Each structure stands twice: as C-alpha cells, then as structure tokens.
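Report on the structure given below.
The values are calculated or read from the model by the stated rules, or taken from the named source; none is laboratory data. Because the structure is a prediction, the values reported are computed rather than measured. As a convention, Cβ positions derive from the backbone with ideal geometry for all residues, glycine included, and neighbour counts pool all protein chains shown.
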C-alpha cells in the first residue's frame, strides 16, 4: 500500500478533519465500508462464478436441490452475527460522536451556562458543563447565528451574524438548531453530521475545531426555490481574535439598532406613531 | 427462436364466445388480462415521462452553475419525477403484472371482483391525469415527500400541491381496492391442491404487497387529508405556531413511505424467484425460506420508518431502536439473495434476456442493500442523509429491485401476453445498456454525496471534482435511456414480427404456461390439480412419461387437466 491508498480511500469516505465527531463518524464509516466490500465481493463473486461455471452446456444435468436447512440456518446466523458486531461497534463509538469534550486549554474563557435563548431538554454539554452556545436559526434562505451575551433580560440584544459563523479554536461549540419558517438542515461536512431545523423543535449538535480555518456547508433539507443558495461557513479563529470580533459585532449591532430607532422615531413623527411597526 | 416444442396440454382452453373488439371493449372490460395490459401500458407511459424529467435534471446538473432550467422548474422536475416513479410507475406496474398473472398462476378464471378491478385501474388513470394536468398551471415543487411547512399553503400556495394531494388520494384508493382484490383472489380462488406451500413465489410477494398496501396506504391518505384541511380549511395539524407539529408529517409520511419501499421491491423479488429456476433449470433453493423472508421483511418494514428521520429532532431511544430494526431487516433480505445464488449453483444456466435482467437486478440491488447498512447506522447517516449518497442508494434499490426486475418480467411474460417472442439480441443490448448506465449514473453519486453535495439542489459550485463527477452521472443517465428505448423498439417490432411463442416457450414451472398464448377470455377450460410448487413441470413430466411409457421419476403420478373437470 503506497501513498495512493489514502487518497483512493478518501474518494469513498465522508468529509472529516474539522472536528472530532466528524473524524469518529469517518472511522465508523470506514469499518462499515470494509465489511460491506467483503460481503459484496463474496456474494457477487459467488454469483458470477456460478453464472460462468454452471452455464448450460451439452450433457450438463442440473442438480435438483431444493434447499439445505443447515446451510440456510448457517448463513442467516452469519448475517445476524455481522450486524450484531456492527451494532456493538456503533455503540462503542457513539459517545465520542454524540458527547462533546471539554474545551482545550487554548480555548476561549467560558461561563457555565451562558446566554441560552431557549429551554433545552436534550442538549449534550461537555463534562465540565462549559461550551460556547450558539443558536442557529434557519430561515428561507439564510442561516443566522445568535451568540451568548444578551444585553437585555428577555434575551434580546445578543450579538449575531449571518451566513458566516465565527468561532474560537480549541473551544467546544454547542449548537441549538431552530427554524423560523420551514424545515432546514444544518450541515458543514467536515464538522460532523447534519441536523434538521424544524419549527417548534430544538435540535442540537456540537463541534470543536483545533486549528484556525474555514469550513463550508449548505442547507441540506429542501427548503424552497433558493435551497441550493442557502450557504453556511464556519470560520475558526484564535480566541483573542474571536473576542475582538464578537465585541465589534456587538458595537455594530448596537449602532445599527440606534440608527433604526432614530429613523423609526422620525418616521413616526411624520406619519403618526401607530403606523410604524416596532420590531 | 422458440424452437423448443412445448408439450401441448391435453385439453387446451378454447374460446367459448367471440372476443369483443374495438376501443369500447377496452373501456368497458372487466377481464383481468385486459385491465393488466392497460395498467402496464399506462404505467410505462408514466415511466417514460418520469424518465424525461430525470434526463432534464441530469442535463441541468451536467455542468456547474448551469442555467438550463430555473430553480422553480428544477424543484418541479424532481417533485414530478419522484412522485411519478413511485405512485404512477413502480407500484401500479406491479399491480398490472399481478393483475395479468396472479389469476393465471393460481389457476383462476379472473380476479375475485372484476368490476372493482376495473375501478382500480380507472382511479389510477384519474390520479395520473389530475397530477399531470398541473403541468399546464403550476406543478408541485415541494418534493415527492411534500414535507411541511414547505408544502403548506403559506409556502406552497399553488394548486400544484393540491394536485399532488389528489394524486396521493386517487392512486391510494386505487391501490387499496386492488390490494383487497388480490388478497381475496389469492385466498379463495387457487386451483385444487394449491396449498400455501405450493403458491408460486411471485404470488406470495403479491399477497404480502397487498397486505402492506392495506396497512400503509390509509396512513398516507390520512396524512394528505390533514395537509388538505391545513391548506384550505383552517386546521393546524402541522402548524407549530398553533399547537400542531411539523414533525408529525414526517412520522406519518414515512410510516407509509418505508413499507412503500417494500411494496415496490417485494414483487420484483418474486419475479426473480420465478425466473431464476426456469433458466437455471433447477428448483428454487429454499422455497420456504424465501416465502418466510418475504413475510419477515414486510413485518419489519413497519418498524423502521424513523430511519428516514435520523437528522430530525427525535429522542435517542428512537434512533437506537430504528437502527437495530433496520439492521434486522437486512437479515431476511440477505437470505433471499443467498437463496438466489444457491438456485443458480449447479444449475444449467441459459442466458436468456429475462435471466440477464434478474442477475443484473440482484447485483444492482446488492449495492443498494449494502449502502443501506451505512444509512441505517444513525451516526453515519448524519453525514450521508439528504445527500447524493441517498439518491444513489435509493436508485440502486429501486433500479435493481424494481426496474430491472420489471424488465425481466416484461421479457419473460411478453410471449404469454402477446403470443410472440421479444427479440433476444435487442433484449441483451437493452440489458447491457441499462446495466452499464445504472452503474455509470449512480455509483459516482455516492462520491458526490460524500463530497458534500446535498440532493434537491438546482446548481452547485465548481469545487473539487464535482463537475467531473456530475458529468459522468449525466452521461450514464442517457445510457439508461438508450437501453429503455431499445426495449420500446423491441416491443413495437415484436408485436407484429416476433417469433410465435406457443403456450410454454421457456419450459416454465407455473400454471400461466398451461394455457394458450395469449390466453382466452376464460383463461382455462380445465384447471389441473396442483401437486407441487412447480405444476407445469409435473405436467410436462407426466406427458413425457405417458408418451414414452416409462414411470415418472420417484413414482409420482401427476394427473393432468384431462382427468380433472374445472371448477
């Protein structure tokens, strides 16, 4: 096996490398792939062999066999054993895929339960209970990310961004996925699996990116005419840079809100206060 | 062609009255054979329409950022394609084959309820016309799964979505009535001596297909009724803002949708189980195991629906349960495949077109079955679902389990239906093109999905090798189309010019070959007593014994039709 093998294998395997859960899924996939290839080669090989070896020839007499109970029980049990083995393997891997680890030493400083916008029932948190909780809101045809740090007690005023999610490296990021309209699915292949955003429900996943970099994905559940253009980018930056970005985002949003407030007041004075919809 | 001189039954069925002619005789018919032909022709037309839609999609995706069709048109195309292939091709095509052949195979003179049978067909046609009429206004565009809220009146206001609902209703009623008819026919009208253990395996699968339809179709009927009232009469079944649940649709749809997969492929498995022994000249290996695995698959098929919802917000307990039940269903499915391989083993295999389509179908289905194990493992499915990997998986399952087996059925039974053989050379060419086309189109789609391309997108950016992979897939789709076209030409030519088939050109095992080709209106004047699951083989052996005067092997005497007066 030269260095050709890894690239050939990558051809047949899911994207990974961005986050430990994606890597664990990839390794589970590979084991399944080996088992499936062996079964496929064995069964289709046997069929092709039979087709060549037992093709009609002069003088050949077909064997009148109607079954073989022992053989049939044997291969039923064998099939079951393979699947039991696969199930055991999946359960062994499951915790590393589903349960987020603690943030690394170089991650961003986190409080315990910071700025949750929604009540959560099944969100999985790291052992130390600390994660950067970001709410992912799907809407036709744009992803919105709401960060912790609400300035008002009702949860409003939290910093947010669209399409590009900026996150700190080495930090466990926990996503709370919701929808504002139709069903969407959050998916950045290198950061793990996809999770539907269903109106009225919360869905959760996590990732932890060791090194700075950009990861691309897009909405993976038909959400309407521009479904193909509902893109997502996750940009991992060092914690200090993340803090600076978040602070700047807060200021920009506050400025924009203030400007909108003034504009609304002006408009209200012109056409009557009741005619202007408040946000 | 057809040089083999089949043994002529001692009393062949003869015509008691003149066959009605002209187009009115088709509209008013209650003959299961004519209804079967109408089913098959109608559904094949829809197959071609669905195929054209697929080709248009593949053309759009042939190059990155293509603008051949608009995003709206693209969404309409995949909605029409999926709906057509499921509701208007595979399921009713199986009903068409069963309509023609179940009564013949069990030695009955018609279906139990002939007029209900005609109603089933006309409801199917009505559903198809309502649905396709929408292309003159606004076709539906929420996918064949019509997931809410996208399919509700706020996000899909056009009447196309309602056309989809009426299609689901009309074809659903058609299928339920047909299924009841098949069940009653098979339960009550079998030839003397045809116990459950002697029922042809195709008839077994149609029996199970009928039970699946009777349990699964009312669920989709309820779901689309709820969608209809949500859209037009102010209910909020699926509206989260008013106490409803958007997830409920996915549960109801897939509770129907997964058994629907088995409704589509089990009759195909039945065809394989009928055809392989004929061309291997060897009895089916493990008759009981194959019949039992059909029943087991059907039962387990009702426990696995949520594996279509692994990415939805569902509790962990459901994920685990459904993964295990999906694994479990792989066991009886695998058993079937191994039984087929064992049927070929030590036979004398004649490479006729029906056999080629069967073994090709098994190989293609194997790929779909094995990729299904990846999708059943929910953490892996989180990466793969709603991508082109799933598109590849479902097409391998349905191309292998349904389309290729339907073509096998067409080549196998065309002589019985028309009295003429299909061209063997053209048949092989058609098979070769379709087989290579399927591999070219869909193998690479696994890789497209693994590289991160979701399904149901009208365009993609030129990243990685996506352009090359999609180009390959597009080329493959046209190879499949060429293969289908060869069969269409073959059928058109052979209708007039095919070699005369005679009653039993393949020296087959089941009772449909006991009568003339095509069979008379009453099917059989005399119905033979059945002594095994291969009655025609018994009859041929008996005729041979009488003509040579030597005792039958094993000392079994098999009375033929001559000794039995039909019921």
**OP:** Scan the range B:318-330 for residues that are at the interface with another protein chain (Cβ under 7 Å from one of its Cβ atoms) and surrounded by fewer than 21 Cβ atoms within 10 Å (Cβ to Cβ) and report the count.
**Re:** 1
Subject >> Scope the range B:141-178; condition over 19 Å from the mean Cα position of the chain (by Cα), without any contact (Cβ under 8 Å) to a residue 60 or more places away in the chain and away from chain A (no Cβ under 14 Å); matching residues >> reply: B:159, B:163, B:166, B:169
Original post:
Of all the residues that make up the range A:193-212, how many are touching a residue at least 24 places away in the same chain (Cβ under 8 Å), at the interface with chain B (Cβ under 7 Å from one of its Cβ atoms) and touching a helix residue (DSSP H, G or I) at 6+ places or on another chain (Cβ under 7 Å)?
Top reply: 2
Subject >> Verdict on residue B:373 being under 20 Å from the mean Cα position of the chain (by Cα), surrounded by fewer than 24 Cβ atoms within 10 Å (Cβ to Cβ), at pLDDT 95 or above and within 13 Å of chain A (Cβ to nearest Cβ) >> reply: no
**OP:** Output the number of the condition that residue B:92 fails; it satisfies all remaining conditions of (1) closer than 27 Å to residue B:458 by Cβ; (2) in contact (Cβ under 8 Å) with a residue 40 or more places away in the chain; (3) part of a helix (DSSP H, G or I).
**Re:** (1)
**OP:** Run residue B:454 past the list (1) within 14 Å of another protein chain (Cβ to nearest Cβ); (2) out of contact with any helix residue (DSSP H, G or I) (no Cβ under 7 Å at 6 or more places or on another chain); (3) at pLDDT below 95; (4) surrounded by 17 or more Cβ atoms within 10 Å (Cβ to Cβ) and report the number of the one that doesn't hold.
**Re:** (3)
Subject >> Residue check for residue B:279: more than 17 Å from residue B:146 (Cα to Cα), within 13 Å of another protein chain (Cβ to nearest Cβ), crowded, with 24+ Cβ neighbours inside 10 Å and within 22 Å of the chain's Cα centre (by Cα) >> reply: yes
**OP:** Could you grab me the full set of residues in the range A:1-28 that are at pLDDT 90 or above and in a helix (DSSP H, G or I)?
**Re:** A:20, A:21, A:22, A:23, A:24, A:25, A:26, A:27, A:28
Original post:
Do we have residue B:94 as buried (at least 24 other Cβ atoms within 10 Å of the Cβ), more than 14 Å from chain A (Cβ to nearest Cβ) and at pLDDT 95 or above here?
Top reply: yes
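Out of curiosity, is residue B:443 within 14 Å of chain A (Cβ to nearest Cβ), without any contact (Cβ under 8 Å) to a residue 24 or more places away in the chain and surrounded by fewer than 23 Cβ atoms within 10 Å (Cβ to Cβ)?
On the way: within 14 Å of chain A (Cβ to nearest Cβ): yes; without any contact (Cβ under 8 Å) to a residue 24 or more places away in the chain: no; surrounded by fewer than 23 Cβ atoms within 10 Å (Cβ to Cβ): yes.
So residue B:443 does not fit the description; no.
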Subject >> Flag for residue A:108 being surrounded by 15 or more Cβ atoms within 10 Å (Cβ to Cβ), more than 30 Å from residue A:244 (Cβ to Cβ) and either at the interface with another protein chain (Cβ under 7 Å from one of its Cβ atoms) or touching a residue at least 40 places away in the same chain (Cβ under 8 Å) (or both) >> reply: no
Original post:
Would it be correct to say that residue B:484 is in a loop (DSSP other than H, G, I, E, B) and either at pLDDT 95 or above or crowded, with 18+ Cβ neighbours inside 10 Å (or both)?
Top reply: no
Subject >> Filter result for residue B:285 (touching a residue at least 40 places away in the same chain (Cβ under 8 Å), within 14 Å of chain A (Cβ to nearest Cβ), under 17 Å from residue B:83 (Cα atoms) and buried (at least 23 other Cβ atoms within 10 Å of the Cβ)) >> reply: no
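Any idea how many residues of the range A:69-83 are more than 7 Å from chain B (Cβ to nearest Cβ) and closer than 15 Å to residue B:337 by Cα? Don't jump to the end; show me each part of the working.
As a first pass, look at the range A:69-83 and keep what is more than 7 Å from chain B (Cβ to nearest Cβ): A:69-71, A:73-74, A:77-78, A:81-82.
Applying the additional criterion that residues be closer than 15 Å to residue B:337 by Cα yields A:71, A:73-74, A:77-78.
Here the count works out to 5.
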Original post:
Is it true that some residue in the range B:136-146 is in contact with a helix residue (DSSP H, G or I) (Cβ under 9 Å, 6 or more places away or on another chain), within 20 Å of residue B:78 (Cβ to Cβ), in a helix (DSSP H, G or I) and modelled with pLDDT of 95 or more?
Top reply: no
Subject >> Residues within the range B:110-140 that are within 24 Å of the chain's Cα centre (by Cα) and surrounded by fewer than 23 Cβ atoms within 10 Å (Cβ to Cβ), tallied >> reply: 15
Subject >> Residue tally, condition within 13 Å of another protein chain (Cβ to nearest Cβ) and not in a loop (DSSP other than H, G, I, E, B), over the range A:213-233 >> reply: 11
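Is it fair to say residue B:429 is away from chain A (no Cβ under 14 Å), part of a loop (DSSP other than H, G, I, E, B) and either over 16 Å from residue B:354 (Cβ atoms) or modelled with pLDDT of 95 or more (or both)? Steps first, answer last, please.
Values: away from chain A (no Cβ under 14 Å): yes; part of a loop (DSSP other than H, G, I, E, B): no; either over 16 Å from residue B:354 (Cβ atoms) or modelled with pLDDT of 95 or more (or both): yes.
No.
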Subject >> The listed residue being touching a residue at least 40 places away in the same chain (Cβ under 8 Å) and under 20 Å from residue B:533 (Cα atoms), out of B:373, B:322, B:341, B:295 >> reply: B:295
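Please go through the range A:173-186 and give me each residue that is more than 14 Å from chain B (Cβ to nearest Cβ) and surrounded by fewer than 24 Cβ atoms within 10 Å (Cβ to Cβ), ordered by number.
Hit for the range A:173-186 is A:174, nothing else.
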Subject >> Matching option when the condition is in contact with a helix residue (DSSP H, G or I) (Cβ under 6 Å, 6 or more places away or on another chain), at pLDDT 95 or above and part of a helix (DSSP H, G or I), among B:324, B:266 >> reply: B:266
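To keep it simple, each residue is scored yes or no on (1) closer than 23 Å to residue B:393 by Cα; (2) more than 7 Å from chain B (Cβ to nearest Cβ); (3) modelled with pLDDT of 95 or more; (4) within 40 Å of the chain's Cα centre (by Cα).
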site	(1), (2), (3), (4)
A:30	yes, yes, no, yes
A:42	yes, yes, yes, yes
A:51	no, no, yes, no
A:56	no, no, no, no
A:65	no, no, no, no
A:96	no, yes, no, yes
Subject >> Given (1) closer than 30 Å to residue B:414 by Cα; (2) facing another protein chain (nearest Cβ under 7 Å); (3) touching a residue at least 24 places away in the same chain (Cβ under 8 Å), number of the condition residue B:353 does not satisfy >> reply: (2)
Subject >> Filter result for residue A:233 (under 26 Å from residue A:101 (Cα atoms), under 19 Å from the mean Cα position of the chain (by Cα) and either at pLDDT below 95 or buried (at least 24 other Cβ atoms within 10 Å of the Cβ) (or both)) >> reply: no
**OP:** Restricting attention to the range B:518-529, report how many residues are surrounded by fewer than 23 Cβ atoms within 10 Å (Cβ to Cβ) and more than 24 Å from the chain's Cα centre (by Cα).
**Re:** 6
